[in-house]
Amino acid sequence: MTASYPLYHPDDHHDACGVGFIADRNGRSTHRVVRMGVTCLHGLDHRGAKAADGTGDGAGVMTRVPYRILERVLIGKGIDPPPRNRLGLVMAFLPPDDRDNARKIVDDSLMAEGLDLVSWRKVPVGANVLGEAARASMPAIEQAIVTAPYDDVPRFERSLFLARKTAERAARSAGLNGFALPSASARTVVYKGLFTASTVEAFYWDLIDPMFESDFVIFHQRYSTNTQPSWEAAQPFNVLAHNGEINTVAANRSWMAARGADIGETVWGDRSADLRPLVSQAGSDSASLDDAFEVLLRSGRSLTHVKEMLIPAAWENVTDLDPALESFYEYHAFLSEPWDGPAAIAASDGTQVIAGLDRNGLRPARWTETPEFVLVASEAGLIPSFEIDAVATGQLGPGEVIAVDLATGVVRHSDEVKAALAARKPYGDWISTKTLYVRHAFDDLQDDRYDPDALARVFGYTAEERRLLLQQMAEGSEPILSMGHDTGLAVLADTPQRLPRFFHQAFAQVTNPPMDPIREWLVMSLRTYLGARGSIVDETPEQAHLVELSSPVLSDAEVQHLTSADGFTAVWLQTTFAAADGEQALEPAIESLCDAAEEAVAGGANLIVLSDREVDAEMAPIPIILATGAVHHRLIDRGLRLRASIVVVSGEPR
C-alpha cells in the first residue's frame, strides 16, 4: 500500500522557475513566433507556484515592440504613426487611484529627455482570469507611445532608459505605490503580471491579436523564493529573465552602490548622476541583476559582453583555457565581482537574444536549432511539432552561452562568442604591463612581543575552540563536529560574545553551490584584487593597475610587500581605543577611524590597512568586523570606496 501524506502529493510537485526564448533565424517578425513563445510559456506552467485562489507567482514574455498594433491604434485616433525607427513604447503599471499623477510623472520624464509623447493606450486585458489576490492588487496597465526627433535608435534607447530612471525616482519621492515601468524601449516590450503561465494570453489580449508580430519571445514562469509575489516582481524584466538565485546579491548591491558614486563621466558625461542608483537595493535579486545588465548595456557593451562580465564562466583554475580568454576574464574581474548563481538567464536588447548559465551550471537550459528557429528552454519537448525538425540539439553547460543575431539569424555558441570577446582589446598586454602579482609563501615570522594566552583572551579564543578547531586545522586535518548548526544565539548568551557571533550566513533557499575552494577548485577561486578600481562602464589599460593576490589570507611578508609596493600608496590605521575609557570610548574611536580613512583616500591612498596589532594592556581592539564595515560604508557614502581597498591585520578572524 502506498503511503499517503495529506499535505503533499508527488503529482503536485513544483520545480524552480522556468525560462527560455524562441527566435526566428531569418529575421522575420510574425505572429507565429508570438504564438510559439506563448505555447512554450504554457509548457513551463508546472514550474510556478499557485495560491489557493489561483493567483500565480508571476509570468510573462518579452517581444519585439508590436509596431503594427501601435500603428493601428494611432491611425484610429487620427494620428500619423511615426517611422518605426522613431517609435518607442513604455509599458506602465499605474496606481488605479492616482493614474493621472502617475501619467504626468511619465510625461514629464519623457519631455525632459527631448522625447514626444504621441498617445497613451490602455492595454486590453481580461481580469476575470486572475485570482482574487492578483485582481485586488492589479495596477492600471497602460502604454505610452513615444517618438524621438532623430533616427539614432541606440540614442533613443539611452534616452528612454534615462526617462524611466527619472520617472521611477519621481514616483518613489511622490509615494506612488504600485507604480512600475516593466519596459521602456524602441525595440522591446514586456507583458507580464501576477498570473500563471497558462493564462498569459487570456489576460493580455494583445498576444492573440494577429497583428502582434515579433522575431523573438523570451518567456518566464516564476517560482518566488526570496520576495513576495507582486505585479512588478514578475519576469521578464527590462533586459533579462532569470531562473535561480544570486547568492552574492547583498555584496553585489553594495559594490554597485559604490560604483554609482564614482562612475566617472567618460561614457555618460554630466548625466552620470542620473543613473543612480545603478541597481535596486530592494526587491528581488533578479531585478538587481537586470539593473546591472541594463546600465552596462546602455553604456555601450553588448549583451554577450555583459553576461561574461557579470556571470563569468569558471576560468581561474582551468589549465587549458585560451590565454587570450583568460586575460579577458582576468581584466573584467578587476571591474566587477561575479553575480554568482545558480543562474540560467535569457536576455535581449532587440538586436540579439542570448541564454547562458553561471559557472556552476546548476540550472537546465536545453537548446534546439531548426532551419527556421532557435529554442532555448528549461525543458525539452515544449513544442514537439517544432522539435522534430531539429538539425542540432544540446544543453548549455556551466558558464556557457548561446547568442542569436536577430537581424541575420546567425547562431553563435560559447567558443565563438568568447573568442570574439577576447579579441576585442589587448587585455593580455594591459595586464602584463599594469598588474602587480603578490604570491609569496607564508613566512615563519615570529614576534616575541606577544603572549599567546593574553591575545587569546583579548580576541575571545576559548579553550574548546583552540583544542577542537584551530589545533586540528593547524595540523592539516579537518575538524569534525556535530552535524548541523545547533549553537545558541549570541544575543541570548549570558556571557559576552564576539561580534561575529551575532551574524549568521543567509543561505540560498533553492540551491547552494559549492563553497569549498579545495574540493571545488575548478569552479571556485580565492583570487583577490587590491587597489583603486576604475569605472565599471569604462575599458582602459589603467584599470588593470591593481594588485592581484592568489588568496585573501595574507602572511606578514605579503602585507609588508603590499604596503611598500611601487605605484601603490598604503596608510596604516590602528583600530584600537583606550581601555581605561570604557565602552563609551568605542563610538568616538570608530568615528575617528572613519575620518582618518576618508582623509587618507581623499589624499590619494589606495590601500587602507586596518590593524589591531597595536593592542596591549592599555589599548583595547575595536571589533574588526565593526571597524571594517564602518570604514567600508563611510567610503561608499563619500563616493570614495572604489579608490582604495581595505586590508585587515587582526587577531580576531578565525
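Send over the semi-axes of segment 280-361's equivalent ellipsoid, whole angstrom and largest first, taken as the square roots of 5 times the C-alpha gyration tensor eigenvalues. Don't skip to the end; give the middle numbers.
Working: eigenvalues 94, 43, 32 Å².
Calculated on Cα positions only, the semi-axes equal 22, 15, 13 Å.
Please state the shape class of segment 322-407: rounded when a/c is under 1.5, otherwise prolate if a/b exceeds b/c and oblate if not, all from the C-alpha gyration tensor.
Details: a/c = 2.31, a/b = 1.85, b/c = 1.25.
In terms of gyration-tensor shape, prolate.
How high is the relative contact order of segment 530-580, in percent, counting Cα pairs under 8 Å that sit 6 or more residues apart?
Numbers: 20 pairs, mean separation 13.0, N = 51.
With pairs under 8 Å counted, the relative contact order is 25 percent.
Compute the distance from the alpha-carbon center of segment 527-569 to that of segment 259-328, in whole Å.
Value for the Cα centre distance between the two parts: 20 Å.
Any chance you could check the Cα centroid distance between segment 329-382 and segment 45-93 for me, in angstrom?
Here the two parts' Cα centres lie 24 Å apart.
Can you compute 3J(HN,Hα) from phi for each residue in segment 45-52, using the Karplus curve 6.51 cos²θ - 1.76 cosθ + 1.60 with θ = phi - 60°, rounded to whole Hz and x for Gly and Pro?
4, 5, 8, x, 10, 9, 7, 4
Counting only DSSP beta bridges with both residues in the chain, what percent are antiparallel, rounded to the nearest 5? Don't skip to the answer; put the middle values down first.
Working: 74 of 87 bridges.
Taking every DSSP beta bridge with both residues in the chain, the antiparallel ones total about 85 percent.
Of all the accessible heavy-atom surface of the chain, with the other protein chains kept in place and a 1.4 Å probe, what percent is carbon and sulfur? Walk me through the numbers before you get to the answer.
Working: 15320 of 29160 Å².
Carbon and sulfur: 53 percent of the exposed surface of the chain.
What shape does segment 353-478 have by the C-alpha gyration tensor, where a ≥ b ≥ c are the square roots of the eigenvalues, rounded means a/c under 1.5, and otherwise prolate means a/b greater than b/c and oblate the rest?
Values: a/c = 5.29, a/b = 2.21, b/c = 2.39.
Oblate, because a/c is 1.5 or more while a/b does not exceed b/c.
I'd like the per residue volume of the convex hull spanned by the Cα atoms of segment 200-266, given in cubic angstrom.
Numbers: hull volume 10.8 nm³, N = 67.
Hull volume over Cα atoms, normalised by residue count, gives 161 Å³.
Which residues does a label at Arg155 reach in segment 245-277, if reach means a backbone N under 17 Å from a point 7 Å past the Cα toward the Cβ?
267-271
Ile480 accessible area, nearest 10 Å², 1.4 Å probe?
Solvent-accessible area, nearest 10 Å²: 140 Å².
How high is the relative contact order of the chain, in percent, counting Cα pairs under 8 Å that sit 6 or more residues apart? Mind showing how you got there, number by number?
On the way: 1282 pairs, mean separation 96.5, N = 654.
Rounded, it is 15 percent for the chain.
What is the angle, in °, between the Cα long axis of helix 99-112 and the longest principal axis of the Cα atoms in the chain? Nearest 10 is fine, range 0 to 90.
So the inclination is approximately 80 degrees.
Rounded to the nearest 10 Å², what accessible area does Tyr437 have for a 1.4 Å probe in the complete protein model?
90
Could you order Trp315, Trp255, Trp120, Trp521 so the one with the most accessible surface comes first? Probe is 1.4 Å.
Order by accessible area, largest first: Trp521, Trp255, Trp120, Trp315.
Report Rg/Rh for segment 497-654, rounded to two decimals, where Rg is the Cα radius of gyration and Rh the Kirkwood radius.
Working: Rg = 17.4 Å, Rh = 17.5 Å.
Taking Rh as the inverse mean 1/r over Cα pairs, Rg/Rh reads 0.99.
Sticking to Cα atoms, compute the Rg of segment 116-274 to one decimal and its Dmax as the biggest Cα-Cα distance, whole number, in Å.
Rg then Dmax for segment 116-274, in Å: 17.5, 50.
Could you rank Thr487, Thr55 by how accessible they are, 1.4 Å probe, largest area first? All intermediate terms of the calculation are to be shown ahead of the outcome.
Numbers: Thr487 70, Thr55 15 Å².
Largest accessible area first, the residues go Thr487, Thr55.
At q = 0.05, 0.08, 0.12 Å⁻¹, what base-10 log of I(q)/I(0) does the Debye formula yield for the chain when every alpha carbon is treated as an equal point scatterer in vacuo?
Relative scattering, expressed as log10 I(q)/I(0), comes to -0.27, -0.67, -1.32.
Could you give the dipole magnitude of the chain about its Cα centre, charging the beta-carbon of Lys and Arg +1 and that of Asp and Glu -1, in debye to the nearest 20?
Details: 58 positive and 91 negative charges, 494 e Å.
With only Lys, Arg, Asp and Glu charged at Cβ, the dipole is about 2380 debye.
Assuming a ≥ b ≥ c are the square roots of the Cα gyration tensor eigenvalues, decide whether segment 518-603 counts as rounded (a/c under 1.5), prolate (otherwise, with a/b larger than b/c) or oblate. Don't jump to the answer; show the numbers that get you there.
Values: a/c = 2.19, a/b = 1.56, b/c = 1.40.
Note, shape of segment 518-603 comes out prolate.
With all protein chains present and a 1.4 Å probe, how do Lys122, Lys77 order by accessible area, largest first? Let's see the in-between values first.
On the way: Lys122 135, Lys77 110 Å².
From most exposed to least exposed: Lys122, Lys77.
Can you pull the accessible area of His545 for me, 1.4 Å probe, Å² to the nearest 10?
Around 70 Å² of this residue is reachable by solvent.
Can you list the HN-Hα couplings for segment 149-163, worked out from phi with the Karplus curve (6.51, -1.76, 1.60; θ = phi - 60°), rounded to whole Hz and with x for Gly and Pro?
Once rounded to whole Hz, the list reads x, 8, 9, 8, 5, x, 5, 4, 4, 5, 5, 5, 4, 5, 4.
Averaged per residue, what accessible surface does the chain expose to a 1.4 Å probe, in Å²?
Values: 29160 Å² over 654 residues.
Here the per-residue accessible area is 45 Å².
Would you mind counting up the charge near Thr248? Only other residues with Cβ under 11 Å from its Cβ, with Lys and Arg at +1 and Asp and Glu at -1.
Details: positive: Arg253; negative: Glu245, Asp285, Glu337, Asp340, Asp358.
Taking every Cβ under 11 Å from that of Thr248, the sum is -4.
The values are calculated or read from the model by the stated rules, or taken from the named source; none is laboratory data. Note that the structure is a prediction, hence the values are computed from the model and not measured. Glycine also receives a Cβ, built like all others from the backbone with ideal geometry; neighbour counts cover every protein chain displayed. Note: areas computed on protein heavy atoms with side chains; ligands, DNA, RNA excluded. Shrake-Rupley method; radii C 1.70, N 1.55, O 1.52, S 1.80 Å.
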